[in-house]
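Below: the structure, in structure tokens.
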Amino acid sequence: MNQTVQERNKALVLQAFDTLFNKRDYEVAERFWSPDYVQHSAHIAPGRDGLFELTKALPSTLHYENALAMAEGDLVILHGRFSGHGLKRSWIVADIVRLQGGVLVEHWDVIQDEATEAESKSGKPMFGSSFACAEAALASA
């Protein structure tokens with residue numbers, strides 16, 4: 001069965017994120033990120049090295065989970081959660097990645113702290129179908 005370019009791009013970006021953030025395999029991750037990678041995030045130093053150094057500095061408990069991946073042409077948008085990074089709240093993130101020649105060459109993001117059920121005016125979780133145990137984590141902080 002043949003995958004579309006968009007399906008291949010989504011699969012590649014999801015594999016790249018899993019390799020870097022969950023498996024912490026920097027040698028393999030170098031194959032996914034261009035040496036000329038352009039970083040637009042306000043939270044990450046420039047280039048592939050900036051991203052890798054940030055990840056190396058985070059606790060080994062860091063975990064990325066994805067809820068949605070969409071692709072259009074050479075762009076992939078992920079909606080995911082970063083947890084275990086050492087902060088009080090998990091981050092809900094929209095990552096926008098541009099691919100070229102089968103590697104990630106450019107990145108933008110939008111990051112929010114995950115709201116608790118008590119804080120959610122809509123009564124809906126920001127990620128997935130149920131609220132994380134953030135209330136317990138906040139109570140102990």
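None of the figures in this text is laboratory data; all of them are computed from the coordinates on show. Given the structure is predicted, the values throughout are model-derived calculations rather than measurements. Virtual Cβ from ideal backbone geometry, glycine too; neighbours counted across all protein chains shown.
Observations on the model:
- 15 Å cut-off, amide nitrogen to a point 7 angstrom out along Val38 Cα→Cβ, residues in the range 65-81: 74-76
- Bridge type composition, the range 5-114 - antiparallel percent by DSSP, nearest 5: 90 percent
- Extension gain, Lys88 back to Asn2 (0.36 nm per residue minus Cα-Cα distance, nm): 26.6 nm
- CD proxy at 222 nm, helix term only [per DSSP H run n ≥ 4: -39500 (n - 2.57); per residue of the chain; nearest 500]: -7500 deg cm²/dmol
- Within-13-Å neighbourhood charge of Pro46 [Cβ basis; K, R +1; D, E -1]: -3
- Between Met70 and Asp25, the contour length at 0.36 nm per residue exceeds the alpha carbon distance by 13.7 nm.
- For the range 4-83: rounded, prolate or oblate by the Cα gyration tensor [a/c cutoff 1.5]: prolate
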